[in-house]
Amino acid sequence: MRHSILSLALNALSGHRRWQPTWRDAAPKPAYDVVIIGGGGHGLATAHYLASRYGIANVAVVEKGWIGSGNAGRNTTIIRSNYLLPGNNHFYELSMKLWEGLEQELNYNAMVSQRGIVNLYHSDGQRDAYARRGNSMRLHGVDAELLDREQVRAMAPFLDFDNARFPIKGGLLQRRAGTARHDAVVWGYAHAASKRGVDIIQNCEVTGFLHDGGRIAGVETTRGTIRAAKVGMAVAGHSSRVAALAGFRLPIESHVLQAFVSEALKPLIPGVITFGAGHFYVSQSDKGGLVFGGDIDGYNSYAQRGNLPVIEDVAEGGMALMPMIGRLRLLRAWGGIMDMSMDGSPIIDASPVPGLYVNAGWCYGGFKAIPASGLCFAHLLARGEPHPTAAALRLDRFERGYLLDEKGQGAQPNLH
Amino acid sequence: MRLPCPFCGPRDSAEFAYLGDAAIARPDAAAPDAPRLFYEATYLRDNPAGPHREHWYHAAGCRQWLVVTRDTTSHEILAAAFARQP
Ligand SMILES: Cc1cc2nc3c(=O)[nH]c(=O)nc-3n(C[C@H](O)[C@H](O)[C@H](O)COP(=O)(O)OP(=O)(O)OC[C@H]3O[C@@H](n4cnc5c(N)ncnc54)[C@H](O)[C@@H]3O)c2cc1C
Ligand SMILES: [Zn+2]
């Protein structure tokens, strides 16, 4: 069905009882041109762009649980393109531009809200670093504004500007950044891909690969064998496990990141605010809850739940920034398993095994990347060569020494 | 999560610093394929779901490096020993 004001009005008049499912829950066929493993944002976006931009619609997305049950449904929904390094910078800006036209393209309300993000700085050195980042962004055509203390105060008067250890001296603002409704992004891409003929197959876990003379020829799943000319993996925190099924290793560790939601408040926080002196970031959902998070727990994990020291650390960061939240009750906390790559940047490339392609290593910034990742991965699968905007995200960069290390931390995933 | 330090006893994981996979050994720099071996040791990881032998440093305790065997799917600690022990 197409969504419009008319369809909304008609459904409202009939008590919202006649809405049709927005995408088809398909059963596996014996063979496809392309099988994509993982029904998260990246997998579904890839299928959508394969069908809509590259004319390949004989595609299946296979998901071991239900679509959006991974990180696509458990992140803090921040979208931005305030990256320093060329390579990252271009890529995330392509994503930002795609977000800006996403709802029209998908005919689905993903509640993209460009409320702005401000990264606070607390020292002269940090201001210089943010000025450099802002300049790098502007040189690449991305919007950035360096704010002083009074400009930040006008936006967010409730912050603790005179904190004894970390006084707020200003911030780097990207006005086009913001948030999007994460489940709606998943459903929107599913809706658009399914309409073009893509099969979305749930409760279908990939357990092995079919080989044909050294090439990947399909996948073994819990719902039978599916043959495919090409297979793409977009399995977020499980990339190492799927790569192991195909017989290779990746420059990746899996780590847990926690997030939190408070009880609902009246509108308070204008956009996204990040604490520059520690790791804490916060925004306010449309229902009024504060949505926030901080560091990863810091050790390999597939447990999908975190531990208390990080909860305490995040709460301390929040209290340092806005002491008033000490009176607030926390409603929920949860964890998601992410690929942490060895340089903190993602990988979109062919794998060492012909016929299998890798989309991985999104660390904790992969939600904002969904549109560009889908487009570039679709390009790679369709054409067999990298999309120009994802040329820096090759797998061999680790071996050749062309790392994309935004933080300059080296090969230590828990520090990125 | 608490780690059973063989010297200090069970301690909060916040006292420790994490280094990662304990199976990684420094390659022989004189080996003919040393560049490839160093690349693999620096960047590639098994990253298993299940038991994982890993290095933890008891920074806020006895300052020993430990090899801890931990199940990455449950956070359960299966063993802990000083890193120098065979
Ligand atoms: C707490 C938290 C907060 C975050 N906040 C942000 C943020 O504010 N902004 C931002 O940009 N990013 C954020 N991220 C990161 C972002 O959520 C991820 O990088 C991104 O969602 C990963 O891509 P995905 O959506 O495709 O992954 P997922 O939704 O996890 O998709 C992968 C899918 O693959 C499936 N799968 C795995 N193995 C198999 C198999 N063998 N067979 C079949 N299917 C399989 C999984 O079930 C899963 O559904 C956050 C992450 C977390 C955990
Ligand atoms: Zn000790």
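The values are calculated or read from the model by the stated rules, or taken from the named source; none is laboratory data. Values in this document were obtained by computation on a predicted structure and should not be read as measured data. Note that each Cβ is placed from the backbone with ideal geometry, even for glycine, and that neighbours are counted across all protein chains shown.
A:Asp33 falls short on exactly one of the conditions (1) out of contact with any Asp or Glu (no Cβ under 6 Å at 6 or more places or on another chain); (2) assigned to a loop (DSSP other than H, G, I, E, B), and that condition is (2). Summed over region A:400-416, residues that are within 12 Å of another protein chain (Cβ to nearest Cβ), touching a Ser or Thr at 6+ places or on another chain (Cβ under 7 Å) and in a loop (DSSP other than H, G, I, E, B) total 1.
Restricting A:Arg223, A:Arg165, A:Arg215 to those that are among the charged types (D, E, K, R) and outside the structural domain of A:Asn359 (by the TED database) reduces the list to A:Arg165. Answer with yes or no whether B:Tyr18 is out of contact with any strand residue (DSSP E or B) (no Cβ under 9 Å at 6 or more places or on another chain), at the interface with chain A (Cβ under 10 Å from one of its Cβ atoms) and buried (at least 16 other Cβ atoms within 10 Å of the Cβ). Answer is no for this residue.
What about A:Ser69, is it within 26 Å of A:Ile348 (Cβ to Cβ) and either part of a loop (DSSP other than H, G, I, E, B) or among the basic types (Lys, Arg) (or both)?
Numbers: within 26 Å of A:Ile348 (Cβ to Cβ): yes; either part of a loop (DSSP other than H, G, I, E, B) or among the basic types (Lys, Arg) (or both): yes.
Yes; evaluated as a whole, the condition is true for this residue.
Residue by residue through region A:161-177, note down the ones that are outside any strand (DSSP E or B) and touching a Leu at 6+ places or on another chain (Cβ under 7 Å).
Step one: list which residues in region A:161-177 are outside any strand (DSSP E or B), which gives A:161-169, A:175-177.
Within region A:161-177, A:Ile168 is the sole residue that qualifies.
In region B:1-15, the residues that are under 16 Å from B:His55 (Cα atoms) and among the hydrophobic types (A, V, I, L, M, F, W, C) form Cβ pairs under 8 Å with partners that are within 7 Å of ligand 2 (Cβ to nearest atom) and in a strand (DSSP E or B), at six or more places apart or across chains, as follows: B:Leu3/B:Arg11; B:Cys5/B:Arg11.
Can you tell me which of A:Ala320, A:Ala264 is touching a Lys or Arg at 6+ places or on another chain (Cβ under 8 Å) and free of Cβ contacts under 8 Å to residues at least 60 places away in the same chain? Talk me through it step by step, then tell me what you get.
Values: A:Ala320 fails: free of Cβ contacts under 8 Å to residues at least 60 places away in the same chain.
Residue meeting the stated conditions: A:Ala264.
Given (1) away from ligand 1 (no atom under 16 Å from the Cβ); (2) surrounded by fewer than 21 Cβ atoms within 10 Å (Cβ to Cβ); (3) not in a strand (DSSP E or B); (4) not assigned by the TED database to the domain that holds A:Lys368, identify the lone condition not met by A:Lys97. With (1) away from ligand 1 (no atom under 16 Å from the Cβ); (2) surrounded by fewer than 21 Cβ atoms within 10 Å (Cβ to Cβ); (3) not in a strand (DSSP E or B); (4) not assigned by the TED database to the domain that holds A:Lys368 applied to A:Lys97, the lone miss is (1). In region A:294-376, counting only strands (runs of 3 or more DSSP E) that sit wholly within it, the ones holding 3 or more residues that are crowded, with 23+ Cβ neighbours inside 10 Å, of a type outside the set (Lys, Arg) and within 14 Å of chain B (Cβ to nearest Cβ) span A:330-341.
Checked against the criterion of being out of contact with any Asp or Glu (no Cβ under 6 Å at 6 or more places or on another chain), surrounded by fewer than 21 Cβ atoms within 10 Å (Cβ to Cβ) and modelled with pLDDT under 95, the candidates A:Glu406, A:Glu399 yield just one match: A:Glu406. For region A:186-206, the tally of residues that are over 17 Å from A:Ala51 (Cβ atoms) and crowded, with 22+ Cβ neighbours inside 10 Å stands at 2. Of all residues assigned to region B:23-31, none qualifies as being more than 16 Å from ligand 1 (Cβ to nearest atom) and under 29 Å from A:Asp313 (Cα atoms). Across region A:203-238, what is the number of residues that are in contact (Cβ under 8 Å) with a residue 40 or more places away in the chain and touching a Phe, Trp or Tyr at 6+ places or on another chain (Cβ under 9 Å)? Matching residues across region A:203-238 total 17.
Take the conditions outside any loop (DSSP other than H, G, I, E, B) and within 14 Å of ligand 2 (Cβ to nearest atom) and apply them to B:Pro10. Does it pass?
On the way: outside any loop (DSSP other than H, G, I, E, B): yes; within 14 Å of ligand 2 (Cβ to nearest atom): yes.
Spelling it out, B:Pro10 is indeed outside any loop (DSSP other than H, G, I, E, B) and within 14 Å of ligand 2 (Cβ to nearest atom).
When only residues in region B:36-48 that are facing another protein chain (nearest Cβ under 7 Å) and touching an Asp or Glu at 6+ places or on another chain (Cβ under 9 Å) count, which is nearest to B:Thr72 (Cα to Cα)? I'd like the intermediate steps shown before the answer.
In the first step, residues of region B:36-48 are kept if they are facing another protein chain (nearest Cβ under 7 Å); the result is B:39, B:42-47.
So of that shortlist, the ones also touching an Asp or Glu at 6+ places or on another chain (Cβ under 9 Å) come out as B:39, B:43, B:45-47.
Numbers: B:Tyr39: 25, B:Tyr43: 20, B:Arg45: 14, B:Asp46: 12, B:Asn47: 9 Å.
Among them, the one singled out is B:Asn47.
Checking each residue in region B:21-35 for being part of a loop (DSSP other than H, G, I, E, B), within 13 Å of chain A (Cβ to nearest Cβ) and within 25 Å of B:Tyr57 (Cβ to Cβ) picks out B:Ala22, B:Ala23, B:Ile24. Residue count for region A:349-395 under the criterion of being out of contact with any strand residue (DSSP E or B) (no Cβ under 8 Å at 6 or more places or on another chain) and aliphatic (A, V, I, L, M): the result is 8.
Residues of region B:53-84 that are within 11 Å of chain A (Cβ to nearest Cβ) and not in a strand (DSSP E or B): B:Thr72, B:Thr73, B:Ser74, B:His75, B:Glu76. Evaluated against (1) in contact with an Asp or Glu (Cβ under 7 Å, 6 or more places away or on another chain); (2) not assigned by the TED database to the domain that holds A:Gly41, A:Thr207 falls short on exactly one condition, (2).
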